[in-house]
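Asker: Just dropping this structure here.
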Amino acid sequence: MFELSSEGKQQVLNELKRYEAKESAVLPALYIGQRENKGFINAEVIRALSNVMGIPESHINEVFTFYSMYNKTPIGKYHVQVCRTLSCMLNGAKELTHHLCKELNVKLGDVSSDGRFTVTEAECLGSCGTAPMMQINDKYYENLTPESAMNLLRGMK
Amino acid sequence: MQQTSSETKYLTEFYHLPEFKGLEGYKKNGGYVDLEKALKMQPQQIIDEVKTSGLRGRGGAGFSTGMKWGFLPKNDEPRYLLCNADEGEPGTFKDRMMMEKAPHQLIEGMIISGYAINSKKSYIYVRGEYDESINTLATAIQEAYKAGYLGKNILGSGFDHDMDIYRGAGAYICGEETGMISSLEGLKGQPKLKPPFPAVQGYLRKPTIVNNVETLAVVKYVIRDGAAAYKKYGTEKSTGTKLFSLSGNVTKPGNYEVPLGYPLKDMVYTLGGGFKPGRKLKAVIPGGSSAPVMTAEEAMKATLDYECLAQMGTMLGSGAIIVIDDNQCMVECLANLMHFYHHESCGQCTPCREGTGWLDKIVHSILAGKGRMQDIELLIKVADNMKGKTICALSDAAALPVLSFVTKFREEFEYFVREGKSKVKGVAYVAHNSH
Ligand SMILES: Cc1cc2nc3c(=O)[nH]c(=O)nc-3n(C[C@H](O)[C@H](O)[C@H](O)COP(=O)(O)O)c2cc1C
Ligand code: SF4
Ligand code: FES
């Protein structure tokens, strides 16, 4: 059974007071829940947030499913999001994604067998001048080649 | 005074200085003196100055900023200022640079704007992926509070203003102003029918002004130099400088600041460095992925201002210029964009939800070598049916690229259907990984 840590709970309570409307805290609270549940959100996380926030599970769930940054399934320690949109594609994003999946022996969205990596595609990440690029957890990595990207991943333990 | 060989660094004058990011460095280079100046002016004077400057929104629609502010009700009802830092339009990456290199420039512009419209509270809605922008802004906002530029009785003027950041969570549609308001309210980021416009009824049903990062930063400079001086940059109807995000197949992609009216040709060949040896220009999308594509020939005649691009049947949009060289397949490019719009449609309106799905499917079947000649007509028909019928402009934004790609590069689409493979790349593509 998932429970928020006491620190996480306090953070959610702070978010509830931060905005003019209580519901505005749902998006930040989902981030907190995701962080405390190894990077993804399930029904238990929603229930825990609902209890702390006094907002119906159905509402939190509706918001959760709308946004792409809340992960719906378990995720590797490193979430590798390769931008797939036009400027990146023009600079080799397809080859980049293909190479990473092949080297890590994963399909898009799966967790690698050692639990370290999940590769997904993302839509334009606002870094098109340094294409192709990827985001790993919170950080951007730019001006990649398939080889340089794979080297970066090899260094992540 | 038009220079065509280099940038005109007006907003970005000090962006090369790492210290410009912090309060001290910002103040050393003219920071917050214009806030002091503005607080001694009458709010209406500021609105008038912004109106006279000709400043038009830098987020996409190009609407007059002063006029938008003028739509606010003339009473004391609380109102909000909402900075649009969602930057989701494919090809656009200027707001991120502004927030990361010059957070105080935006904050100062916002406090001045807040004072002008009598708003005591503002939010910066930043797309969730922009972690560094969010952290940089958070630090800068703290610095501004400590220095008395935010909070109660700012610089002894009697004006109070609070500012906070709201983190998005991955949804292009939250860049649309009413979708953004829904999201800020803690809901799904679904756009709302207009009217009422946000200036009349926005966040929590209170009047709300939504402006792009760049627009709000410019306000500081209109106050610093005055409307008349600002108008010396640019053309008569497209005043000022603009940040253009240049990407795609040029050798020197990046953000470039030039006066509006700057020749697109110089953007591509001089600032952008042209192409790799042996490659040449095929097409340009001049204003973010939603802007109709131009052929090389059209692009060489265009200038980067609202009027010229509108006259040529496309738009300046967010100022994102995506350059495509002759080594690229236009069917593949369009398929890439249709996947995007299909993925990002919020699903409220049937023509958009169904239409983006159809477009994605049809163009991908052509891309897989399985298209039929009548699919080309079908693309046009579906796209035509998506225009002007929906709650927000995403539906049109998906339809316009289709119509322009298929009309201007029809021969490539026909070749793909006839031969079952790309005219440029000589291959077909298996179905994409769908979401
Ligand atoms: C689908 C869609 C996406 C949009 N995305 C953005 C965006 O990412 N950033 C932005 O500033 N404006 C975006 N806009 C435009 C906003 O709705 C709004 O016009 C703008 O923020 C107003 O600010 P401005 O007048 O300063 O440009 C988008 C519009 C649509 C229809
Ligand atoms: S046009 Fe599309 S994105 Fe806009 S509100 Fe309708 S369904 Fe949503
Ligand atoms: S297209 Fe990849 S970051 Fe914009």
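The values are calculated or read from the model by the stated rules, or taken from the named source; none is laboratory data. Nothing here was measured: the structure is a model prediction, and the numbers come from that model. For neighbour counting, all protein chains shown are included, and Cβ atoms are generated from backbone atoms with ideal geometry for every residue, glycine included. Ligands, DNA and RNA are excluded from the accessible area calculation, which covers all protein heavy atoms including side chains. Shrake-Rupley method; radii C 1.70, N 1.55, O 1.52, S 1.80 Å.
Asker: State the extension gain, in nm to one decimal, for the chain segment bounded by B:Glu411 and B:Thr270, taking 0.36 nm per residue of separation less the distance between their alpha-carbons.
Answerer: Numbers: separation 141, 0.36 × 141 = 50.76 nm, distance 3.02 nm.
Gain on stretching B:Glu411 to B:Thr270: 47.7 nm.
Asker: For the stretch B:98-222, what class follows from the C-alpha gyration tensor (a ≥ b ≥ c being the square roots of its eigenvalues): rounded when a/c is under 1.5, otherwise prolate if a/b is larger than b/c, else oblate? Walk me through the numbers before you get to the answer.
Answerer: Working: a/c = 1.92, a/b = 1.31, b/c = 1.46.
The shape class here is oblate.
Asker: Mind computing the radius of gyration and Dmax over the alpha-carbon atoms of the protein assembly as shown? Å is fine for both.
Answerer: So, for the protein assembly as shown, Rg and Dmax equal 23.6, 73 Å respectively.
Asker: Follow-up question, since we're still on this one. Give me the distance in nm between label points sitting 7 Å out from Cα along the Cα-to-Cβ direction at A:Leu108 and B:Ser6, one decimal.
Answerer: Inter-label distance under the simple model: 4.5 nm.
Asker: Rounded to the nearest 0.05, what FRET efficiency do B:Asp131 and B:Thr295 give with R0 = 30 Å and r taken as the Cβ-Cβ distance? Could you check?
Answerer: Numbers: r = 39 Å, r/R0 = 1.29.
That pair, B:Asp131 with B:Thr295, gives E of 0.20.
Asker: On to the next question. Near B:Lys301, which lysines are there with a Cα under 17 Å away, not counting those fewer than 8 places off in the same chain?
Answerer: Qualifying lysines at Cα under 17 Å: B:Lys265, B:Lys280, B:Lys282, B:Lys408.
Asker: Leaving ligands, DNA and RNA out of it, report the carbon-plus-sulfur percent of the accessible area of the stretch B:335-435 at a 1.4 Å probe. Present the calculation step by step, with values, prior to reporting the outcome.
Answerer: Details: 2410 of 4590 Å².
Result for the stretch B:335-435: 52 percent of the exposed heavy-atom area is carbon or sulfur.
Asker: A further question on this structure: With r as the distance between the Cβ atoms of B:Asp48 and B:Asn327 and R0 = 51 Å, compute the FRET efficiency 1/(1 + (r/R0)^6) and round to 0.05. Before the final figure, lay out each step's value.
Answerer: Values: r = 51 Å, r/R0 = 1.00.
The calculated FRET efficiency here is 0.50.
Asker: Placing one identical point scatterer on every Cα of chain B and ignoring solvent, what is log10 I(q)/I(0) from the Debye formula at q = 0.06, 0.10 Å⁻¹?
Answerer: -0.26, -0.70
Asker: Beyond 30 Å between alpha-carbons counts as too far, so tell me which of B:Lys232/B:Lys389; B:Lys28/B:Lys121; B:Lys37/B:Lys237; B:Lys192/B:Lys361; B:Lys37/B:Lys94; B:Lys101/B:Lys231 fall in that bin. Present the calculation step by step, with values, prior to reporting the outcome.
Answerer: Working: B:Lys232/B:Lys389 39 Å; B:Lys28/B:Lys121 27 Å; B:Lys37/B:Lys237 27 Å; B:Lys192/B:Lys361 27 Å; B:Lys37/B:Lys94 27 Å; B:Lys101/B:Lys231 25 Å.
Checking Cα-Cα distances, B:Lys232/B:Lys389 exceed 30 Å.
Asker: Using only Cα atoms, locate the centre of the stretch A:33-78 and the centre of the stretch B:203-226, then give the distance between them in Å, rounded to an integer.
Answerer: So the two Cα centres are separated by 34 Å.
Asker: Calculated FRET efficiency, B:Lys28 and B:Lys387, Cβ-Cβ r, R0 41 Å, to nearest 0.05? Don't jump to the answer; show the numbers that get you there.
Answerer: Numbers: r = 51 Å, r/R0 = 1.24.
Efficiency, rounded to the nearest 0.05: 0.20.
Asker: Right, here's the next one. Given the stretch B:330-419 reduced to its alpha-carbon atoms as identical point scatterers, what log10 I(q)/I(0) does the Debye formula return at q = 0.24 Å⁻¹?
Answerer: Taken in order of the listed q values, log10 I(q)/I(0) reads -1.13.
Asker: Can you find, among B:Pro90, B:Ser290, B:Pro277, the residue sitting farthest towards the positive end of the charge dipole of chain B, where Lys and Arg contribute +1 and Asp and Glu -1 at Cβ?
Answerer: Result: B:Ser290.
Asker: Moving to a separate point now. Which value, in debye to the nearest 20, gives the size of the charge dipole of the protein assembly as shown about its Cα centre, when Lys and Arg are +1 and Asp and Glu are -1 at the Cβ?
Answerer: Details: 69 positive and 67 negative charges, 46 e Å.
Taking the Cα centre of the protein assembly as shown as origin, the dipole is about 220 debye.
Asker: Ok, one more. What are the principal axis extents of the Cα atoms in the stretch B:255-377, in Å, biggest first?
Answerer: If we take the Cα atoms of the stretch B:255-377, the spans are 40, 36, 24 Å.
Asker: Taking the Cα centre of the stretch B:330-419 as origin, work out the dipole magnitude from +1 charges on Lys and Arg Cβ and -1 charges on Asp and Glu Cβ, in debye rounded to 20.
Answerer: Working: 10 positive and 12 negative charges, 42 e Å.
Value, rounded to 20: 200 debye.
Asker: Next question. Just the accessible area per residue of the stretch B:18-230, please: how many Å² with a 1.4 Å probe?
Answerer: 34
Asker: Taking the C-alpha atoms of chain A, how large are the radius of gyration and the largest Cα-Cα span, Dmax, in Å?
Answerer: 17.5, 49
Asker: Considering amide H positions built from the backbone, and no H for Pro or chain starts, which residues 5 or more places from A:Thr120, or on another chain, come under 5 Å of its amide H?
Answerer: Under 5 Å from the amide H of A:Thr120 lie the amide H atoms of A:Val80, A:Gln81, A:Val82, A:Gly109, each far enough along the sequence or on another chain.
Asker: I would also like to ask the following. Please list B:Val424, A:Val12 from largest to smallest accessible area, probe radius 1.4 Å, with all protein chains kept in place.
Answerer: On the way: B:Val424 50, A:Val12 0 Å².
Largest to smallest exposure gives the sequence B:Val424, A:Val12.
Asker: Now, a different point. Restricting to DSSP H runs of at least four residues, report the calculated mean residue ellipticity at 222 nm for chain B, -39500 (n - 2.57) per run over all residues, nearest 500 deg cm²/dmol.
Answerer: -12000 deg cm²/dmol
Asker: Could you check what % of the DSSP bridge pairs in the stretch A:3-157 are antiparallel, to the nearest 5?
Answerer: Working: 7 of 13 bridges.
Of the beta bridges lying entirely in the stretch A:3-157, close to 55 percent run antiparallel.
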